[in-house]
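**Student:** Have a look at the structure that comes next, please.
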Amino acid sequence: MPDDHPHPAPARIDVREPEAVRYWTEMLGVTEEVLNEAVDRAGNSEEEVRKYIGSNS
């Protein structure tokens, strides 16, 4: 039986968008500087950014 429920696309963090930066800094409880560093080092995947922040806190 085919899967009728589409899987959501993984979240991507766009640090060029001020609204996205505000959202993700609040959601992750980090500063803009930490968010930018995490995206620079881990890429823009929410999952990878969360892992990076968790391993560097």
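**Student:** How about the stretch 23-34: which of its residues are within 15 Å of SER55 (Cβ to Cβ) and part of a helix (DSSP H, G or I)?
**Tutor:** Those that are within 15 Å of SER55 (Cβ to Cβ) and part of a helix (DSSP H, G or I): LEU28, VAL34.
**Student:** In the stretch 38-57, which residues are in contact (Cβ under 8 Å) with a residue 12 or more places away in the chain, over 10 Å from VAL15 (Cα atoms) and either of a type in the set (Phe, Trp, Tyr) or in a helix (DSSP H, G or I) (or both)?
**Tutor:** Within the stretch 38-57, ALA38, GLU46, GLU47, VAL49, ARG50, TYR52, ILE53 meet the criteria.
**Student:** Still on this structure: List the pairs whose first member sits in the stretch 18-33 and is closer than 14 Å to SER57 by Cβ and surrounded by fewer than 10 Cβ atoms within 10 Å (Cβ to Cβ), whose second member is among the polar types (S, T, N, Q) and at pLDDT below 95, and whose Cβ atoms are under 6 Å apart, counting only residues at least 6 apart or on separate chains?
**Tutor:** If the second residue must be among the polar types (S, T, N, Q) and at pLDDT below 95, no pairs are left.
The values are calculated or read from the model by the stated rules, or taken from the named source; none is laboratory data. Please read these numbers as outputs of a predicted model, since none were measured by experiment. Cβ atoms come from the backbone with ideal geometry, glycine included; neighbour counts cover every protein chain shown.
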